[in-house]
Structure formats: structure tokens, C-alpha cells
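A.B. asks: Got a structure for you, written out below as C-alpha cells; questions coming shortly.
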Amino acid sequence: MSEKEIIEALVNQLKEEFANEATGHDWYHIERVWKLSKIICEKEGGDNFVVELGALLHDIADHKFVENADAVAEERINIILSALGVEQTIIDKVQHVVANCSFKGGVENKMKLLEGLIVQDADRMEAIGAIGIARTFAYGGSVGNPIYDPTVPPTEFKSAEEYRKKRSHTINHFYEKLLKLKDGMNTKTGKAMAEERHLFMTQFLDQFYAEWDVKLN
């Protein structure tokens, strides 16, 4: 198959697999990361085929939902892409992109490939702005996190393991991750695209606190 045919086949497979996902990690999230990745790649360079495959498969085994996610993702990527006739050197690169795409508490970024930095920026873009806010509350509700508890401050994570296991209220997630993403963008294009979305989040938080702190006459 041609690269275009491989992408089309993969898209059809993922549309079906992620159709009814309700935590903000559905097919439409994957599609937006895919589109954003292509936009960034067009301006930053890199192997577009690796970028597209990495973007489409970046949530194939998310650590929030799957035990031993890295090993599961590596195996699934190998099975899926081998079946589509993708050569092993490309598969290896896609596995590296997916294994290192996640924020994981912001403790250490081990991404080595430009293609991975592009996908990482696109995925982080999806975590901020209006879409990011909606996805944050969708995920928080799905795991039983309260919206807000003013008595519980944000956490500064010391390890990816602590980040995976810690549960808090959803507003804390803005301070523990989302508000940090703008300055953590890898590419010039990603940094520029993140500005407006970051500003929207700060405005949302201002409005949230204003509405939370109801004043009695």
C-alpha cells in the first residue's frame, strides 16, 4: 500500500475503536491532534509520514487507562503497522514518538525526534484552550474527581509515577499541567499557536473564581 492508503486504513480502524470513548480521548481528539500535527510539520519540517502515524497512534494505550501502557503501546503499534506493511525503521520511530508523547507530570521530556516534538506539541495544544477545558472536565468527571476544592492546593510532582497516581479536583489540573504547556511547547509554530489558547484558560479561571466566590449582600 502507498503511504496515503496506509493512513486511510489506519484512520478507519481508529475511528471504529475510539468511537464511543467518553473521557475526552475519543476519535475526534485523535483527529484534531492529527490535523494539528500536519499543520506544524508543514512549517517545521520532519518526516510527514512518521508525524501522521505518531499522531494517529499517540493514544493507542494511554497510561491513564492501561497498565504497563508503554509495553502495550509498543506491541500494538508493531502489530497494527506491520499488518499495514509499514517498514520496521518507520515502526521504530513511531514507537519512540508514542512512548514519549505524554506529559507525565512534566518531570522529563525524553523525546529525541523532531517528528515526536511536533506530535507532542499538537497533543499539548489539545489540552489547552476551550477544547482543553472541556476535555479536562470530561476526564475529571469520568474518574470521579470533584470540580473544585479550595482546601486542596496543587501538587508539584517529583516523578511521572506520582503524577499517574495522584487524584485531586479538576481545577488543580490547570496548575499542575495545563497552564505549564504554553512555555513547554517544543516548536516555534507550537509556541505561537498556544498563546491564544493559554489566554483563554486564564480568562476562564478568572470567571470561574468570580462565580465560585458568591458574595452575600
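A.B. asks: Go through LYS15/LYS35; LYS4/LYS191; LYS93/LYS182; LYS43/LYS177; LYS15/LYS188; LYS93/LYS180 and tell me which ones have a Cα-Cα distance over 23 Å in this structure.
C.D. replies: Details: LYS15/LYS35 15 Å; LYS4/LYS191 29 Å; LYS93/LYS182 25 Å; LYS43/LYS177 26 Å; LYS15/LYS188 31 Å; LYS93/LYS180 27 Å.
The answer is LYS4/LYS191; LYS93/LYS182; LYS43/LYS177; LYS15/LYS188; LYS93/LYS180.
A.B. asks: Relative to the longest principal axis of the chain, what angle (0 to 90°, nearest 10) does the C-alpha long axis of helix 27-44 take?
C.D. replies: Once rounded, one gets 70 degrees.
A.B. asks: Using only Cα atoms, find the angle between the long axis of helix 114-125 and the longest principal axis of the chain, and express it within 0 to 90 degrees, rounded to the nearest 10.
C.D. replies: It works out to around 30 degrees.
A.B. asks: Here is a follow-up. Using only Cα atoms, tell me the angle between helix 69-83 and the longest principal axis of the chain; keep it within 0 to 90° and round to the nearest 10.
C.D. replies: 30
A.B. asks: Moving to a separate point now. Please give the length that would be gained between PHE208 and ILE79 if that part of the chain were fully extended, namely 0.36 nm times their separation in residues minus their C-alpha to C-alpha distance (nm, one decimal).
C.D. replies: Details: separation 129, 0.36 × 129 = 46.44 nm, distance 4.51 nm.
Residue separation times 0.36 nm, minus the Cα-Cα distance, leaves 41.9 nm.
A.B. asks: Counting helices only, and only those DSSP H runs with n ≥ 4, report the 222 nm mean residue ellipticity of the chain as the sum of -39,500 (n - 2.57) divided by its residues, in deg cm²/dmol to the nearest 500. Could you put the intermediate results ahead of the total?
C.D. replies: Numbers: 10 runs with 134 residues, N = 217.
Result for the chain: -19500 deg cm²/dmol, rounded to the nearest 500.
A.B. asks: Could you sort the peptides 82-88, 196-202, 131-137 by per-residue average Cβ neighbour count (10 Å cutoff), highest mean leading? Each step should come with its number before you reach the end.
C.D. replies: Working: 82-88: 12.7, 196-202: 16.0, 131-137: 18.4.
Packing proxy ranking, top to bottom: 131-137, 196-202, 82-88.
A.B. asks: Related question: Can you give the alpha-carbon Rg of the chain over 2.2 N^0.38 Å, where N counts its residues?
C.D. replies: Working it through for the chain, the quotient is 1.05.
Read-outs: derived from the displayed coordinates by stated rules, not from any lab. These figures come from a predicted structure and were not determined experimentally. Glycine also receives a Cβ, built like all others from the backbone with ideal geometry; neighbour counts cover every protein chain displayed.
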